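The values are calculated or read from the model by the stated rules, or taken from the named source; none is laboratory data. No experiment lies behind these values; they were computed from the predicted model shown. Cβ sites come from the backbone with ideal geometry, for glycine too, and all protein chains shown count toward neighbours.
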Amino acid sequence: MSRRTEDWDGPGTAFVIKDAIAYLDSLTLFFWQAPGADLLGALRKAYGRRLIVKAYKVPGTFGRRSKRWHVTIHQPEPETLASLSTIHRRFVVHAVHVAIDFLCPDPAQADLATAFLTRGVVQKWRRRNHRSLLKANTRYWRWNRKARRNIALYGDRPSKASLGACSHFEMRFTGAAACKRAGFGELSSLTRGVDAMALLKHQANIAFIDEKRLDRALESLARRRLRETQRRRPAVTVSEIKSHLHRLLPCSISDGGHPLNMGTITKARSQQLWDRWPGLRSCLRRVEWTAFTPEPRWHWVRRSSDRQAGGGSTFGTIANLHLISRKLFIPANNKTPAFQLKPPCQ
């Protein structure tokens, strides 16, 4: 069942989320030893440009430098994950990006839904020095691309599942420890699919600055600061401290967009206030995820657009069973353990 959000930022700002899908947008594996050429060749044929392999050197013993490998697969399929699970001791899960496409009737409503999330989404467990980044119409909740947890959001492109206009919301986990904490340390947990709604509720809230609550919170904060301020300025009053907070707050939570003042403070991003003014978090008015969107259903993105670039079909398709059923050998310590690439379920 669809969800409609009424005019949330003035007349003409209502939008509808008609459906929501969640999928594994990308997976990065950390290999201690070189992945076998046969394995990489099969993955290259299957995924083409959606496969990225990076080798880099790390400090070793006695001044020697050893190599490590990151293998990234964009929109991997369950058959691939099941096959890779057979050699799970050769790698660890390094990065997982879980995407949710909030599907809208048209691009204009997708833009409104994206603006709604941009202003309202609050990522939990952050520090005051964490900063956001806006780059090429994509909002990142952390400017550091290597951050353990990040959120990416855009609404100017159609769904990667070819389902039309959407607001694309992506939760990113980087590092083996971060993936384990999120429950993605084993490929089997991804093969079964992800409870996207539970993940959303655990990682982030939707909340907006409420003007009346903010006024009460500033009044309370001014009273708490009164005694400390009177040590330096005995004649100061609560009203003067509150006026000072009125001047300070808009500048401190501005996110580089339109200038803020106390008349437009409710248009500020809630994440800014959450990070920089923890004492004012009580002024945020929660909106439940279930009121914004239907429960996202898990979806496997199967694309064939890389056929010419990669020289083969999508991994796991009926047309490519003769390649999928072949045995691949991955040399390691002069041994050649074989594993079978599994065909898709019929």
Exercise. Is there a residue in region 60-71 that is out of contact with any strand residue (DSSP E or B) (no Cβ under 8 Å at 6 or more places or on another chain), part of a loop (DSSP other than H, G, I, E, B), of a type outside the set (V, I, T) and without any contact (Cβ under 8 Å) to a residue 12 or more places away in the chain?
Worked result: yes
Exercise. Restricting region 129-147 to residues that are closer than 23 Å to C179 by Cα and aliphatic (A, V, I, L, M), which is modelled with the lowest pLDDT?
Worked result: L133
For this session: State the number of residues belonging to region 113-154 that are in contact with a Phe, Trp or Tyr (Cβ under 8 Å, 6 or more places away or on another chain), among the hydrophobic types (A, V, I, L, M, F, W, C) and more than 17 Å from F208 (Cα to Cα).
Result: 5
Exercise. Residue check: is I265 touching a residue at least 40 places away in the same chain (Cβ under 8 Å) and assigned by TED's automatic domain parsing to the domain that holds E219?
Worked result: yes
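Is it the case that D38 is at negative phi, assigned to a strand (DSSP E or B), surrounded by 13 or more Cβ atoms within 10 Å (Cβ to Cβ) and in contact (Cβ under 8 Å) with a residue 60 or more places away in the chain? Spell out how you get there, then give the answer.
Numbers: at negative phi: yes; assigned to a strand (DSSP E or B): no; surrounded by 13 or more Cβ atoms within 10 Å (Cβ to Cβ): yes; in contact (Cβ under 8 Å) with a residue 60 or more places away in the chain: yes.
No, not satisfied.
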For this session: Would you check if there is a residue in region 70-84 being more than 20 Å from D195 (Cα to Cα), among the polar types (S, T, N, Q) and over 23 Å from the mean Cα position of the chain (by Cα)?
Result: yes
For this session: Could you tell me whether any residue of region 167-177 is small (G, A, S), touching a residue at least 40 places away in the same chain (Cβ under 8 Å) and assigned to a loop (DSSP other than H, G, I, E, B)?
Result: yes
